[in-house]
Each structure stands twice: as C-alpha cells, then as structure tokens.
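A.B. asks: Attaching a single structure in structure tokens format; questions to follow.
Every number in this text was worked out from the coordinates using simple rules, so none of it is lab data. This is a predicted model, so every value here is computed, not measured. All Cβ positions, glycine included, derive from the backbone under ideal geometry; neighbour counts span all protein chains shown.
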Amino acid sequence: MYHHCARPLDARRAFDEIPAPNPIIVTAMASGCARNNLVYPALAIFRSMVASDSAGVVDEAAALVALSASARVPDRGVTGGIHALVAKVGLDGNASVANTMLDAYAKGGSRDLGAARKLFDMMERDAVSWSTMIALYAQNGLSAEALGLYNKMLNVGGGIRCNAVALSAVLLACTHAGAIQTGKRIHNQVVRLGLEENVYVGTSVVDMYSKCGRVEMARKAFHRIKEKNILSWSAMIAGYGMHGHGQEALEVFNEMRGSGLKPNYITFISVLAACSHAGLLNEGRHWYNAMRKEFGIEPGIEHYGCMVDLLGRARCLDEAYGLIKEMKVKPDAAMWGALLNACRIHKNVELAEIAANRLFELDATHSGCYVLLSNIYAEAGMWKDAERIRVLVKTRGLEKPPAYSSVELKGKTHLFYVGDKRHPQHKEIYAYLDKLLERMQEAGYAPNTGSVLHDLDEEEKESMLRIHSEKLAVAFALMNSVQGSVIHVIKNLRVCTDCHTAIKIITKLTGREIVVRDIKRFHHFKDGLCSCGDYW
DNA sequence: CTAGGGTTAG
C-alpha cells in the first residue's frame, strides 16, 4: 500500500517490523523500491535473497524485479551480475526472465547490444524475444539489423506472426533509414492485420511517412488512429512542421487542444519548431509566451533554440541574442550555432564573431561552426579572416564528419559519400553529372566556391563541389527513375549552400521534383524554388 | 508477491 502511494520510507518501516518476512513479502519490498526509483536498494534485496537462498525459494517474480531494476542503473555490468545470480538459482531458462534480461542487457549503463544478441541466439525465443531484439536494434539506430531480423522472424521464426510491437519497432527502423518503399510494405502489412487503429503502430506509421517525405500519407494514417495520445498529435504537428507547413501544424495543434488533451514539453517543441521552419514570427512569439502562462511549462533549451532560429530568420538578431543572454538555462553549442547560422543568412559579421567565440568555448572541436564563420567572412569579403579560420581548422586537425546522402531505389538504399567511387555505377553517374553541370551553367548556375574549406584554386574548388554527396545522389536518382516520379534524398548533415542552389536549378531544367531531408528539415524543390524559402 | 517488448523533439 505504501509503495503504491509512493511512500517507500513508510513501506520500509512496515517491512522492518515484520519478524520473519517470507520471500513473497521480500519480493514485494524490492518491487516497491524499484517502482519508486530506488533501484540500488531493490538490487541489494535481491542479492541478499540469493545469498540466503538455501531452500530454492527465490522465484521468477524476484528475478524479474531485479532484472528490470538492473536496466535502470547507470553503471556498467550490473545486468551481467544479476544474470549470474539468476543462473545460480536456476531461473535463467525461464522465458519471462530471459526476455527481461535481453532488454536489460541493452539498456541502462550496460548498453551492450552484443551481449543481448548473444543471449537472443542462445535462448528459446517467443514473440516477445523477437520484438524485443528488433526494437533494441531500431532504437539504437541499427536499421539494417532491425529490418533483417524482422524478415528473419517471419521466415525462420518458427511460425511467429507479425505483432504490433515488432511492427512499430521495424517502422522506426524504416524512419531512420528513410526507407519509404520498405516502410510502405510494412504499412500494407499493418492494414492487412487491422492494426492501423493501434496508437503505437499508427503513430509509428505517421512518423515514418513524415520523415520519409510523405506528409500527406502521414495525415491519412493519423486519422486512422482510434485513440490518439499526446505522442500521436505531437508527431503529426512535428511532421507538418519539418515540411515547412506551419499553418497546418498549428491547425492540428488547435484540434488537439479542442479534443481536451494537454500539450506537454515536447508538443511545444514541435509547435515552436513548426513556426520557426515556416517563419511564423507572431504565432511563435504567442505560443512561446502562452506555454508558460497558460500551460505552466517552463521553456527549456530546445524551446529557446526554436525561438533563436525564428527570431534570427526574421532578422531580429539582437532580440535573438538578448533571449540567449536572459535565459535561465545555460546556452549550449546548438544555441550559439543557431545564432551563428542566422548571422550567416543576414550577413552580420559582428554578431557572428560573438556567437562563434562562445561556440568555440563550449565545443572547440565542432568543425561545422568554423566552416560557417569562415563562409560569413568570405561572403563579407573579409578574405584574410576567412583564411585565418581555415588555417585554424587545419592546424587543429579538425575533420568534418563524413557527409553522405542516400537514395532508395527499388527497395534498396544507395549510399554516397563525397567523391564516392565505390558505387558500381559511379562512372556513369559522374558523366551524367558533368553533362548536367554544363546545362546548369548555361542556365546561370555558378558554383559557390566560397563554401569550400580547402586551400585550392578555383578549378579545384569547383571539382570539390561537383562531387558533393547530395549531387551524386540526385544524379543517380535522375538516371534511374522515370519522369514524373518524385526523387527523395536523405542527407546526414545540413544541405550545403551550393547544393541547395544547384538542386533548385536542376528541378527547373529537368522538370523533376526533388525532396531532400537534411539533419534539420525537409526541402521540397520544384520549378527552381525550395519550400524552405532559402532559409535553413 | 511479481514481470518482459512499442510511438512524439533535436
């Protein structure tokens, strides 16, 4: 009773008054501790139970409590230790115990996916084991492994059927990989099984379509969810937001409030991000103020980040800087990065230097901001300063994380790094790109060599730009798809200025529509224009 | 007495 009332100390007092507690009461005590986040006491109780276990009374329930507690401890190796104790009392063959252990190995401080997989391969597997392992891969960004295991479950899983948990997990893997074709196939499966109404599966489908560039499909799936929760609504708002559809995002937000659900911390991140992507300054200001006053939610670093983006975009650079100075949370690198980016767009060198210096203090190894600052100098004609920063990058030995872009073709994902020659079609791709570049230059495209961070002459700089991953991916997709189909490219970093300009021109020249998902948002290129309005 | 897998931001 005390535990359920979140009063662990009273529970402990009552427990201590029992002269000879039996294993049932001891397990109840441990479970109560775990429920109230007292994971170490919970584990201690289990350890002493095993130590004094002469008659084999430590049962499945006690093991489950201990294992689920071990998944919440920040130290490494705790699950392994409990595993040994569980084995000592002969409970490691128990199906529930093994499944709980599987999850615990990959969570908490252990984070050992390899150990989880090893256990998975050895144990007797049921539907829960398969979905647990698939979910673990998906949550840790190992999309290919998650998809592979999902297929394996259906083919050689010993008659294990598809279930809601495995489906939402594998949809998450499609989302990360941007694998729309596979995602659609899974969605068909969802429809066949009548699981569209399931809030977990439905929300996963919504998020998958949004993040794979099909926000209209996301909306359709959204309407099919029977009992939408705060996550479903937030996903839909975020979906519209990342595509630059700010009004639609706000309409969904209104609908949500109309339905009686209270927005939470994350909902407001989605709302403010949507305002920021669409440049809705007044709406953004309104909801930023309302979240505190009407909903009692204190803005966190993410909300400030959205506001700095939004104000910066609207040329209110001083207000953005003022907001950073007055916020109660310590500004992080992303915050100064947002201001720095706004300075790039509005060519404010003075404030850019302030932002960059604060950024360097926080993260001196972040090569992206050196590039940004150097570009700002270069665009302002301050070549010496631009050069100084470039030298700094070299002497400090900072490497940009490798940029890559990917395109899905007939269900297979093709990955391109800068200057990649690993693709079997690479010769044709480069030849195609050269021809295209000629036509682009005739149409007025001039390579923006200011954004190349190398000590090279102009010609060499142009060839550096030519081989950018997004250009390779676009060229490959153009070569291999039919006129009229929309090309979808996914990039792991922000799309570069030159590629952004280039793709706009490509859509004009070819009459094709190109959608690029970068690390921040979607860019819908059509007829020579981009949905971001050149702000990103 | 107890317990195992899933979805939202960036």
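A.B. asks: When the Karplus curve 6.51 cos²θ - 1.76 cosθ + 1.60 is applied with θ = phi - 60°, which whole-Hz ³J(HN,Hα) does each residue of segment A:194-204 get, with x for Gly and Pro?
C.D. replies: x, 9, 4, 7, 5, 5, 5, 4, x, 5, 5
A.B. asks: Moving on to the next point. What are the extents of the Cα atoms of chain A along their three principal axes, listed from largest to smallest and rounded to whole Å?
C.D. replies: 88, 55, 53
A.B. asks: Go through segment A:369-385 residue by residue and turn each phi into a ³J(HN,Hα) via Karplus (6.51, -1.76, 1.60, θ = phi - 60°); whole Hz please, and just put x for glycine and proline.
C.D. replies: Calculated HN-Hα couplings, in order: 6, 5, 4, 4, 5, 4, 5, 5, 4, 4, 5, 8, x, 8, 4, 4, 5 Hz.
A.B. asks: Could you give me the percent of Cα pairs per 5 Å distance bin for segment A:142-223, shortest bin first, beginning at zero and ending with the bin that holds the maximum distance?
C.D. replies: With a bin width of 5 Å, the distribution comes to 3, 18, 29, 27, 16, 6, 2, 0.
A.B. asks: Now a separate question. Please list, ordered by chain and number, the residues whose modelled amide H lies under 5 Å from the amide H of A:Leu409; skip anything fewer than 5 residues away on the same chain.
C.D. replies: Residues meeting the criterion, in which the H sits 1.01 Å from N, are A:His414.
A.B. asks: Here's a follow-up. At 7 Å along Cα-to-Cβ for each site, give me the label-to-label distance between A:Ser48 and A:Glu350 in nm.
C.D. replies: Result: 6.8 nm between the two label points.
A.B. asks: Just how far, in whole angstrom, is segment A:281-300 from segment A:147-189 if you go by their alpha carbon centroids?
C.D. replies: Using only Cα atoms to place each centre, the spacing works out to 39 Å.
A.B. asks: From largest to smallest, what semi-axes in whole angstrom does segment A:464-514 give when each is the square root of 5 times an eigenvalue of its alpha carbon gyration tensor?
C.D. replies: They are 18, 12, 10 Å, listed largest first.
A.B. asks: Also, quick follow-up: Using mean Cβ contacts within 10 Å as the protection proxy, how do A:274-283, A:298-307, A:118-127 order, highest first? Before the final figure, lay out each step's value.
C.D. replies: Numbers: A:274-283: 22.1, A:298-307: 20.1, A:118-127: 15.5.
Highest to lowest by the protection proxy: A:274-283, A:298-307, A:118-127.
A.B. asks: Express in nm, to one decimal, how much length is gained between A:Ala380 and A:Asn282 on full extension, taking 0.36 nm for each residue of separation and deducting their alpha carbon distance.
C.D. replies: Length difference between fully extended and current span is 32.2 nm.
A.B. asks: Ok, one more. Around A:Ala179, what is the net charge, scoring Lys/Arg as +1 and Asp/Glu as -1 over all other residues with Cβ under 11 Å from its Cβ?
C.D. replies: Summing Lys and Arg as +1 and Asp and Glu as -1 gives +3.
A.B. asks: How do the peptides A:85-96, A:231-242, A:207-218 rank, highest first, by the average count of neighbouring beta carbon atoms within 10 Å per residue? Write down the numbers at each step before the final one.
C.D. replies: Details: A:85-96: 16.3, A:231-242: 25.0, A:207-218: 23.2.
Most protected by this proxy first, the peptides run A:231-242, A:207-218, A:85-96.
A.B. asks: Which value in Å does the Kirkwood hydrodynamic radius of segment A:309-400 take, with 1/r averaged over all unlike C-alpha pairs and then inverted?
C.D. replies: Numbers: mean 1/r = 0.0757 Å⁻¹.
For segment A:309-400, the Kirkwood estimate is 13.2 Å.
A.B. asks: Oh, and also: Can you give the net charge of the other residues whose Cβ lies under 13 Å from the Cβ of A:Ala42, counting K and R as +1 and D and E as -1?
C.D. replies: +4
A.B. asks: Right, another one. With a 10 Å radius around each residue's Cβ, average the other Cβ atoms per peptide and rank A:153-162, A:37-46, highest first.
C.D. replies: Averaged packing, sorted descending, gives the order A:37-46, A:153-162.
A.B. asks: Using the beta-carbon distance between A:Glu319 and A:Ile18 and R0 = 41 Å, what value does 1/(1 + (r/R0)^6) give for FRET efficiency, to the nearest 0.05?
C.D. replies: In this case the efficiency is close to 0.05.
A.B. asks: Another one. What aspartates and glutamates does A:Lys412 reach when the alpha-carbon gap must be under 15 Å and sequence neighbours fewer than 8 apart in one chain are set aside?
C.D. replies: Cross-link targets: A:Glu145.
A.B. asks: Local charge sum around A:Lys491 (other residues, Cβ-Cβ under 15 Å, Lys/Arg +1, Asp/Glu -1)?
C.D. replies: In short, +2.
A.B. asks: Something else now. Can you list the lysines whose alpha carbon is less than 16 Å from that of A:Lys211, not counting same-chain residues fewer than 8 positions off?
C.D. replies: A:Lys184, A:Lys220, A:Lys491, A:Lys520
A.B. asks: Related question: Counting each DSSP H run of 4 or more residues in chain A as -39500 (n - 2.57), what helix-only mean residue ellipticity at 222 nm follows after dividing by all residues, to the nearest 500 deg cm²/dmol? Don't skip to the end; give the middle numbers.
C.D. replies: Details: 27 runs with 336 residues, N = 536.
Value at 222 nm, helices only, nearest 500: -19500 deg cm²/dmol.
A.B. asks: Another question about this same structure. How large, in Å, is segment A:206-308 by the Kirkwood hydrodynamic radius built from its alpha-carbon pairs?
C.D. replies: Numbers: mean 1/r = 0.0746 Å⁻¹.
Across segment A:206-308, the inverse of the average 1/r is 13.4 Å.
A.B. asks: Scattering from the C-alpha atoms of segment A:404-530 alone, worked out with Debye: what is log10 I(q)/I(0) at q = 0.09, 0.10, 0.12, 0.22 1/Å?
C.D. replies: Debye curve over Cα of segment A:404-530, log10 I(q)/I(0) at q = 0.09, 0.10, 0.12, 0.22 Å⁻¹: -0.22, -0.27, -0.40, -1.50.
A.B. asks: Just grab the label-to-label distance for A:Lys421 and A:Gln139, each label 7 Å out from Cα along the Cβ direction, in nm (one decimal).
C.D. replies: 4.4 nm
A.B. asks: Right, something else. So what is the relative contact order of chain A, in percent, for Cα pairs below 8 Å that sit 6 or more residues apart?
C.D. replies: RCO, chain A: 7 percent.
A.B. asks: With a point put 7 Å past each Cα toward its Cβ, work out how far A:Tyr265 is from A:Leu362 in nm, to one decimal.
C.D. replies: Label-label distance for A:Tyr265 and A:Leu362, simple model: 1.7 nm.
A.B. asks: So what J values fall out for segment A:138-155 if you push phi through Karplus, 6.51 cos²θ - 1.76 cosθ + 1.60 with θ = phi - 60°, rounded to Hz, Gly and Pro as x?
C.D. replies: Residue by residue, segment A:138-155 yields 4, 5, 9, x, 8, 5, 4, 5, 4, 5, x, 5, 4, 4, 5, 4, 6, 8 Hz.
A.B. asks: Taking a cut-off of 25 Å between Cα atoms, list the lysines near A:Lys107, but don't count ones fewer than 8 places away on the same chain.
C.D. replies: A:Lys107 reaches A:Lys88, A:Lys118, A:Lys152.
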